[in-house]
Each structure stands twice: as C-alpha cells, then as structure tokens.
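Input: a single structure, listed below in structure tokens.
The values are calculated or read from the model by the stated rules, or taken from the named source; none is laboratory data. For clarity, every value in this text was computed on a predicted model and none was experimentally measured. Cβ placement follows ideal geometry from the backbone for every residue including glycine, while neighbour counts extend to all protein chains displayed.
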Number of protein chains: 2
Amino acid sequence: MANWKNLDTLKSFEDLKTVKHVDLVSAMSGESGANRVKNYSVKMAAGLSYNYAAKEVDDDVLKALEALAKEAELSEKFEALYNGEVINTGEKRMVLHQLTRGQLGENVMADGVNKRDFYLNEQKRIAEFANKVHSGEIANAKGEKFTTVVQIGIGGSDLGPRAMYLALENWARRTGNFKMEAKFISNVDPDDASAVLNGIDVAHSIFILVSKSGTTLETLTNESFVIDALKKAGLDSSKHMIAVTSETSPLAKSDNYLEAFFMDDYIGGRYSSTSGVGGAVLSLAFGPDVFAQFLDGAAEEDKLAANKNIFENPAMLDAMIGVYERNILGYGSTAVLPYSQGLSRFPAHLQQLDMESNGKSVNRFGEPINYVTGPIIFGEPGTNGQHSFYQLLHQGTDIIPLQFIGFKNSQLQNDVNIQDSTSQQKLCANVAAQIVAFACGKKDENLNKNFKGGRPSSIIIGEELNPKSLGALLSHFENKVMFQGFVWNINSFDQEGVQLGKVLAKKVLAHETDGALAEYSKLLNI
Amino acid sequence: MANWKNLDTLKSFEDLKTVKHVDLVSAMSGESGANRVKNYSVKMAAGLSYNYAAKEVDDDVLKALEALAKEAELSEKFEALYNGEVINTGEKRMVLHQLTRGQLGENVMADGVNKRDFYLNEQKRIAEFANKVHSGEIANAKGEKFTTVVQIGIGGSDLGPRAMYLALENWARRTGNFKMEAKFISNVDPDDASAVLNGIDVAHSIFILVSKSGTTLETLTNESFVIDALKKAGLDSSKHMIAVTSETSPLAKSDNYLEAFFMDDYIGGRYSSTSGVGGAVLSLAFGPDVFAQFLDGAAEEDKLAANKNIFENPAMLDAMIGVYERNILGYGSTAVLPYSQGLSRFPAHLQQLDMESNGKSVNRFGEPINYVTGPIIFGEPGTNGQHSFYQLLHQGTDIIPLQFIGFKNSQLQNDVNIQDSTSQQKLCANVAAQIVAFACGKKDENLNKNFKGGRPSSIIIGEELNPKSLGALLSHFENKVMFQGFVWNINSFDQEGVQLGKVLAKKVLAHETDGALAEYSKLLNI
C-alpha cells in the first residue's frame, strides 16, 4: 500500500529547498548550453522527445527531484491506480482511463466484468458502427450516406475530442483518411447550436449525444435544439442520433437513439478522449483504424509513465520540474505554445485537464493543505502568440514557465520556398529562437530593449503530428497531471468546485433568489 | 504638461496600502450584497453597464483609488494623448487610434495633414471600395462577384479583426447585413494557409494583405502562398488582392494590388481594429454601415473615458480596480469570461491588447521599476469554461480576478424552451449564479465541497451584442489598458520584447548559430 502524505511532510521536499538555484542565462550559454540541449532529453513514444535543457534545473536539482519522486512513491501510486485501487477518494471510484488504450497491470474487475474487455468491446462496437456509416449500410431515411458528424457535449465531452479532431483533420485529408466532417455543439448559448445547425446539411448529419450521467443541462438542452431542427426539416431524430453514455444513464436504453455506446464512472470527462467519448466522433471522422493508432500512441506513452527511473519517464520528470517551478520557484502559471496550427485547441484541452484536475485546496482526505497546487494553464499556437502575448513573457514583471511543442514536418506538406527557406523551416526556426531568447536574453544599455532572460521552457519535438504522436502527446500530459496530483496529495479526479454554480443557477431559473443573486437576475432580465 | 511619475513615488499609493481590505463574502451577502449590485454600477455606451459590486472594494477603497487616479493625472495624460502629444516615448510616436472613430480634443496634424481627416478619408475610400465589390462593379476576371474575403495578417492585423468578425457574424446573418464570408490566414505554419485555401473558392475570393511596415515575415510568406495558389488556379493575383499598410511601406504603390488603404505609425497593431486593418475586412463582410456603427460605439465609449469623474468613467474605474488587485492584493492574472458564443475569440484579442501593452519592466523613460505591471489575461466563453477551468477558479490555491460579460438577448434569436426556460435564460442564470458563487462561496463541513468565496469579479451587461455595443466594449478595454499603463508609468504602445526572437530566428535560417541555438536547430531539422 502506498503512503499518501502531504508534500510539506516529506524530508526530500525540505532538502529540495536547500539546493542551489540554477542561473539559466549562464547555464544555457556557450558550450554548457549546447551540452544541455544534447543531454537533457528523454525519449517519448511515437518518435517524440521531451527536451528540458532550458528548464531551471541542473544535475543537483534533478537528483533532489528524483529523491522527492521516490519519497512521494509516484511509481507505486501509479501502479495502484492502474491495478484498480480506488484512487478517486472523493467519489470513491477507480481511475481507469489508461485501460481504454492498453493494460499495464493486473486485470481490473468492476460491475461484474473485466474492464479492459469492456472498453475493447465498446471500441469494437464503435468501429463496426462507423464502418457501416462509411459504407452506407447505416444511412438516412432516403438511404443516402451521412456526410457530417456533430458531437453534442460540453467540458470533457467537447474540449478533448474537438482538440483531437482539429489536430488530425489536415493529416487525414492529406493521407486519404478523411471520412466525414465533424462539428461540435457545446455552449448553452443558443447561438452556438443555431450557428452550427445553420452551417450544416442536417439531412445528411449524424449527431452524437455525449453525457456520462445523461443529465448534463447544456447537453440535454442542445439535444432538444437539434431534435427541433430535425423535426422542422421533416426528419426522424431517432434515425440521426447516437448516444455515448454510461450503462446506468437514462439515455442508455432510450428509443431516441440509433445506438448507444458506453463508458463508465471510472473515466473522468477530461480523461475521456480515448474512450467512446472521443472514439465515436474520431472513428466516424477518420475511420476506426486511425482511432486505433491514436490509442496505440497513448498506450506506448503510458508504458513509459510506468517506468520507475524518472530519467526514462518523461511524464514523471515533466511533473517534478513543474512542482519545482510551482512550489520552490513560486511561478503561478504555465503557457502551452504549440508550433503547429493543428494543435490550435490543444492548449484549451490542457487547460481543462490540468486546472480541473489540480485546482484544489484540500488533500485527498479532505484536509486543508499549506502549499500551492495546480497553476494557470493558457496558450495559443506559435508563431501567432509571438505577435501577441510574448511581449509579457519576455519583458513582463512575472516569470511564466513555457511548454513548447514542435514538429519537423507539416501536416498537409504543401509549402513555399521564400528567401531560401520553407514556411515549415521558418516555423521551426522561430521556436528554436524563442527558447534561446527566453533562456539567455540579451543585454542592451537601453533597458527598454534589454532582455533579462532566465525564463524557463521545455519542448516536445516530433517528426509529424499524426494519430500516434497525438496519442502519445495526450497521454504524456494526462500522466504529468496525475503525478503532480500525487505529489500534492490531492484528488485529481473529482471536481466538486463546479457544483455550487449549478445549484445557484437552478435557483435563479426557479426564481428562488434573494440578496445579490436576485439583483443580478434582474439586471440580466431573467 | 502632465507629470510622469512611478507608481511607488505617489503619496496616494502609500495611502491606498493602509486602507482596510474588504471581506467580500460578508459584503456580498444579504441586504448589503443587494445594495452593492444596485449601486456599484456605471453606465457605458450603447446600453452597456459596468457592474463592480463583486469586486473587493468598498467606499473607502474607491475613495483611495479616486485619489490615486487624480495624483497619477490620468485624465490629463489621456487629454495629452488625444491632443497629439508623443506618448509612445520608445518609438517617439503619437498615439491616435481614438481618432479613427472620433475626435475628443484639438485637431492633430502630422505628416502635413489633419489626421482625423486622413482616417475619415480612408474609411470613406474603403466604404466605396466595399460597395463596389458588393454591387459587382469590382469583380473577378470573369466578371463574377467575390463571395469570400480573406485577411492575411498576424498579431494585431489578425486577432482584433478576427474577434470582431466572429462577434458580428451571427448578428449580421439575422439582420440581413451579411455580405461575404471572411477567413483569416495568420500563422507562418504552412498548414494554416493551406487549410484556408483548401476550404475556399479562390476564384471568388478577395484577399487583404495587412502589414503596416510591409515587412512582416509571416504575412509576406503567406502572401506568396496565396499568390502561388491563385497562379495554380490560372488567376491573376493582382486582381484578387488589396493591401492595408502605411503610405511609406513597399506595398503602398505596388502594382500587385487592386487597391491600397492606409494607416500610419500612430496606430499600434493591437489598437488597429477601428482603422483600415479592421475596416476593410469588416466593411467587406458586413457593409460599410455596420462598420460605421461599430466606430460610433467606440467613439461614444471614448467620450466616457475622457470624463474626469472616475465614477462616471468606466474604463478608468475598471483600470484602477485592476491596479488595486495587482499591486495591493497581489493577484497575477485576470480571466475574461464572456457569456456569449459570439465573443469566443474576444479573450484572445484582449490577451494581446493587455499583455503586449503592459507586459513591461521599465518605465516610459527606460528606467527600472520596482512594482509589478500587466497581469496574465486568459479566458474562454461561458458556460464552456464552467465545465473546464472554473474548478481552479473556485477551489484552487490562488485567487484570480474575473471579468464577466453578458447580454440579455442572443444574436440569432433562435431558441428553445425546456423546463420552463430558454437557453438564453439558462445562459444568463449561469453567469449570475457564478458571480455570487465566486463572491460568497458556501460553507460545508466536508472541505472538499467547501467554497471559501472571496473571489472577485465584475460584469459588463448589455442588451445585445451588435456593432455598436461591440465598439463600446472594444474601446472600454483599450482605454482601461491605457489608464493602467499611465498608472504604472510605462509605455503601453511599443513592443520591444518581440524583437530578440525575430533576430535569432533569422540567424537560424541563415545557419549562423552556435551553442544551444545550433543544437536546437539540429533537433528541429533546420
């Protein structure tokens, strides 16, 4: 059994505080800098690598972080998790999203079945369904093929699948794997559903209703919106809609859907991209084989996360460096900066993954803690960000650690050569330049043009953004967040902080308000 | 002449430090909370109002902020700015973006002309051009109407115009003002331009090349990309492209463009949405009248910013409360949370506007300063954010001030009634509920379900998101950022922090690197 202790009770955390800080400007200059770039690198799955040369660490800091990871028993805790221990203490649930893409340990039984078999079977059912849609065996009332798939879901049923779809759309178009266009409806703002419905051909669209509980207000509201639109078009909504839900939800056995696919309580929304939540829409959009490759990439990366040697475990190493930045160096946020247009919404997914998992102030036993936990996560693709908020990153008064992501090749592989370089080369040159500019800075007597440097970053580098590397990337961050939750001794798998707003919103709609809430309701005409 | 002094030399700043902090939970509870919501509100233009009831202020704090605004001479500095003083000290330029939509003070002469006349004339030229495109007088080589407009630009030439286009698209479709679809190409990543070009009918597309200097690497690269695509389609690119640039740029008199429209050095990229940079694309997409209404909203809000009474000047009040949160309460970031799908990219625009303007560590004279300046800005539309990062906002270890935006009516006005309320009512109920949940919290013996509250927010409320209210909203934040720059005694109108990366990227492409930069270049295959 692993020992669950608060970070500030660990001896190695006290030791870490005494390790000399790194002067990043000098460390990253000259020969020293070149050596760091060569040596401070870990292999990831699918040809990716995690390079932490430009982080504020050296061999002494790394040794102390290794000791902390050991004392915090990160490997033991991960092992307990994938072997089915009840890690989500708040909701008293196992945490099984890794089982949707592989199996790292023992068989996990729950609800009377082997859960790996259950997830595999759902994946198989989705694959068969998607193949039938693509072949036209499942078609609209006139026997015409569906051409568009629309996901109705919010939070984890939206951000992850949407980010993954956008990340693979261009790759799929180039490689002949593009089967159907996907759209997403999430916000309860009626303009969201209306605009999506106005922009598609509903007669040739298939809708996926995604809600684990089958009770999510936004999602059920948007379902009604869609049913309305289908009716107005003279269509039978039950022939245009499938559900992804849990077996115990009211949606599971409803006649309103062509078919229902299942997940369960052991997969949190923000960890559900590799379950049917991502599986249905991605299999319909790109085919089941592409989705299977995506799962393979994630499974390979999970294996690395199970490695007990932190220097061969990129997620654990990334997590520990993040803890060092947060709890020792005092940095409060991290910017995620993918130099890849396909990853345009990947930062928004990580924002949920990280902030909803680790934005907590009590430990896993419900006791208060005396140290900071999850940082703010934000970001936009480079080079766009360079012409936006990078000014503050370079010369602002706060230091913000940076997570770059870059690929050697573009997805569409359509390029122009201007001034002796392609656009892809310019893109890569920019990310390399930024890392060094942030780390080393540049002295100037005019302080307005002076760059202090000392701004830490890491980069994940890959050959190409494709299903396998995307799966590895996703798994890396899921496991990083999990390890950080272990270090902070918090429960990264519940989200009690979203409840109060729901309760009060219901009161507003029922006109059961007083005080400030009643006044705001008046101002907003409710 | 205004006195430009560092914040920490002002007596009223010292006084502010001694004012008792507000207990937001108790202030926002019961009758007190109701009274605050009623009283802590300022009228804005276009039917908007700024409500700061849920901010950590009371009459004592507000009085101290009023004194600080006076001692910092905010009104005098704004007056100097709009009367044409050289406020952008780093680049030795005037700051004239307000003149693109109105005139608050004296005539401003530069480059031998009255600048208000100059901007009005460019707006008129753009209007005439747009009308000719809409009527078909300006058409493609076959005499067919253009149906799509594509903006090629990055940073301020992209984020603002794109956010404004998305903010008005649905409104324009409902009100019959939708003329042409707009697309945007910004990133040097070749997948950005390729994907946009693959998704449009180039033969019926008109492109706007936007670069003030005419030398922006990304934009010129993407222009070549587009010219290539037009050539491949057998089209004459000079008949499909216009430029928005400065009169001194190499693009100004080139034969490569159907027409060129002008801005100048007195309009920073991030402040250029109301110049031709936003004007060309918005006039083509929605017609010149809609663009004129947008300018009217901004001009009306500018007038309020010139008000010397802080309690009738929403931008100044918002700015001072932000300074209080940043420099007294120590909060390092602000989340922008519009409850309006149309504002999906408005936070990304504010991210540039604020972080690029005020992410500075030296004062306007190039001297170091000893206090923090611009915060991190991030955000996503509600209710989506509620199912994502709100967990950390409610229960995380750091306090993050919030800026809500909400409208009583939707844009498309297509809605469904479910469980006795429309989607729009649900949307508004949620924002009201969130404000109170953040401010008041809720005690629970189970600390995992406990909400401490005390998390400050303000809300801007409007009737509907339309051209006029959007203009007012934009101006509000531009002026807020300006006032904060004045308080911090920094230059909010240059961006020297973006230069070093550009220099190093050029070295990488020329293979003139050593040390770490050479190693990163190898890793990225450049």
Sole exception among (1) farther than 27 Å from B:Asn51 by Cα; (2) within 21 Å of the chain's Cα centre (by Cα) for B:Phe486, by number:
(1)
Keeping to region B:352-402, report how many residues are touching a residue at least 60 places away in the same chain (Cβ under 8 Å) and closer than 20 Å to B:Asn479 by Cα.
14
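Step by step: first the residues of region B:440-455, then only those that are facing another protein chain (nearest Cβ under 7 Å) and either of a type in the set (A, V, I, L, M, F, W, C) or touching a residue at least 24 places away in the same chain (Cβ under 8 Å) (or both), then the one that is farthest from B:Lys38 (Cα to Cα). Which residue is that? Reasoning before the result, please.
Narrowing region B:440-455 to residues facing another protein chain (nearest Cβ under 7 Å): B:442, B:446-449, B:451.
With the extra rule that they be either of a type in the set (A, V, I, L, M, F, W, C) or touching a residue at least 24 places away in the same chain (Cβ under 8 Å) (or both), the set shrinks to B:447, B:451.
Values: B:Leu447: 33, B:Phe451: 25 Å.
Looking at the filtered set, the residue picked out is B:Leu447.
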Tally the residues that are surrounded by 23 or more Cβ atoms within 10 Å (Cβ to Cβ) and under 27 Å from B:Ala163 (Cβ atoms), restricting the search to region B:498-526.
2
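Conditions (1) within 14 Å of another protein chain (Cβ to nearest Cβ); (2) polar (S, T, N, Q), marked per residue:
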residue: B:His21; (1), (2): no, no
residue: B:Asn35; (1), (2): yes, yes
residue: B:Glu73; (1), (2): no, no
residue: B:Ile87; (1), (2): no, no
residue: B:Arg101; (1), (2): no, no
residue: B:Gly105; (1), (2): no, no
residue: B:Asn114; (1), (2): no, yes
Scanning region A:344-376 for residues that are among the hydrophobic types (A, V, I, L, M, F, W, C), more than 7 Å from every other protein chain (Cβ to nearest Cβ) and buried (at least 24 other Cβ atoms within 10 Å of the Cβ) gives A:Phe346, A:Leu350, A:Leu353
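Mind listing just one residue for me: the one in region B:176-198 that is free of Cβ contacts under 8 Å to residues at least 12 places away in the same chain and more than 20 Å from B:Ala280 (Cα to Cα) and, of those, surrounded by the most Cβ atoms within 10 Å (Cβ to Cβ)?
Going through the qualifying residues, I end up with B:Asp189.
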Restricting region A:135-145 to residues that are small (Gly, Ala, Ser) and part of a loop (DSSP other than H, G, I, E, B), which is farthest from A:Ser213 (Cα to Cα)?
A:Gly143
Looking at this structure, is B:Asn409 part of a loop (DSSP other than H, G, I, E, B), more than 7 Å from chain A (Cβ to nearest Cβ) and either touching a strand residue (DSSP E or B) at 6+ places or on another chain (Cβ under 8 Å) or not small (Gly, Ala, Ser) (or both)?
yes
Residue by residue through region A:422-478, note down the ones that are closer than 16 Å to B:Asp191 by Cβ and touching an Asp or Glu at 6+ places or on another chain (Cβ under 6 Å).
A:Thr422, A:Ser423, A:Gln424, A:Leu427
Which of (1) modelled with pLDDT of 95 or more; (2) out of contact with any strand residue (DSSP E or B) (no Cβ under 8 Å at 6 or more places or on another chain) is the odd one out, the single condition A:Thr216 does not satisfy?
(1)
Residue within region B:396-405 that is surrounded by 21 or more Cβ atoms within 10 Å (Cβ to Cβ), modelled with pLDDT of 95 or more, part of a loop (DSSP other than H, G, I, E, B) and more than 9 Å from every other protein chain (Cβ to nearest Cβ) present
yes
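Yes or no, residue by residue, for (1) touching a strand residue (DSSP E or B) at 6+ places or on another chain (Cβ under 7 Å); (2) free of Cβ contacts under 8 Å to residues at least 60 places away in the same chain:
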| site | (1), (2) |
| --- | --- |
| A:Ala298 | no, no |
| A:Asp302 | no, no |
| A:Asn309 | no, yes |
| A:Met316 | no, no |
| A:Met320 | no, no |
| A:Ile328 | no, no |
| A:Ser333 | yes, no |
| A:Ser340 | yes, no |
| A:Ala348 | no, no |
Please name all residue pairs, on different chains or six or more residues apart, with Cβ atoms under 6 Å, provided the first residue is in region A:498-526 and is more than 7 Å from chain B (Cβ to nearest Cβ) and farther than 14 Å from B:Lys442 by Cβ and the second residue is among the small types (Gly, Ala, Ser) and assigned to a helix (DSSP H, G or I).
A:Thr513/A:Ser521
Based on what the data block shows, is B:Ala182 out of contact with any Lys or Arg (no Cβ under 7 Å at 6 or more places or on another chain), small (Gly, Ala, Ser) and facing chain A (nearest Cβ under 7 Å)?
no
Restrict the check to region B:291-299 and report whether at least one residue is touching a Leu at 6+ places or on another chain (Cβ under 9 Å), surrounded by fewer than 24 Cβ atoms within 10 Å (Cβ to Cβ) and of a type in the set (A, V, I, L, M).
yes
Would you mind finding the one in A:Leu393, A:Leu427 that is under 30 Å from A:Asn177 (Cβ atoms), at pLDDT 95 or above and not in a loop (DSSP other than H, G, I, E, B)?
A:Leu427
Residues (crowded, with 18+ Cβ neighbours inside 10 Å and either assigned to a helix (DSSP H, G or I) or free of Cβ contacts under 8 Å to residues at least 60 places away in the same chain (or both)) located in region B:1-24
B:Leu7, B:Phe13, B:Leu16, B:Val22, B:Leu24
Going residue by residue through region A:258-266, is there one that turns out to be within 20 Å of B:Gln419 (Cα to Cα) and surrounded by 15 or more Cβ atoms within 10 Å (Cβ to Cβ)?
no
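To keep it simple, each residue is scored yes or no on (1) surrounded by 15 or more Cβ atoms within 10 Å (Cβ to Cβ); (2) β-branched (Val, Ile, Thr); (3) under 20 Å from the mean Cα position of the chain (by Cα); (4) not in a helix (DSSP H, G or I).
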position	(1), (2), (3), (4)
B:Ala80	yes, no, no, no
B:Gly84	yes, no, no, yes
B:Val95	yes, yes, yes, yes
B:Gln103	yes, no, no, yes
B:Asp117	no, no, no, no
Confirm whether B:Ser273 is crowded, with 21+ Cβ neighbours inside 10 Å and touching a helix residue (DSSP H, G or I) at 6+ places or on another chain (Cβ under 8 Å).
yes
Given (1) out of contact with any Asp or Glu (no Cβ under 8 Å at 6 or more places or on another chain); (2) within 13 Å of another protein chain (Cβ to nearest Cβ), identify the lone condition not met by B:Tyr50.
(1)
Listed residues A:Asn417, A:Asn384; which is more than 7 Å from chain B (Cβ to nearest Cβ) and over 25 Å from A:Ala319 (Cβ atoms)?
A:Asn417
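Has region A:282-292 got any residue that is assigned to a strand (DSSP E or B) and small (Gly, Ala, Ser)?
No: zero hits.
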When restricted to A:Asn491, A:Asn479, the only residue closer than 23 Å to A:Thr334 by Cβ, at the interface with another protein chain (Cβ under 8 Å from one of its Cβ atoms) and not hydrophobic (A, V, I, L, M, F, W, C) is A:Asn491
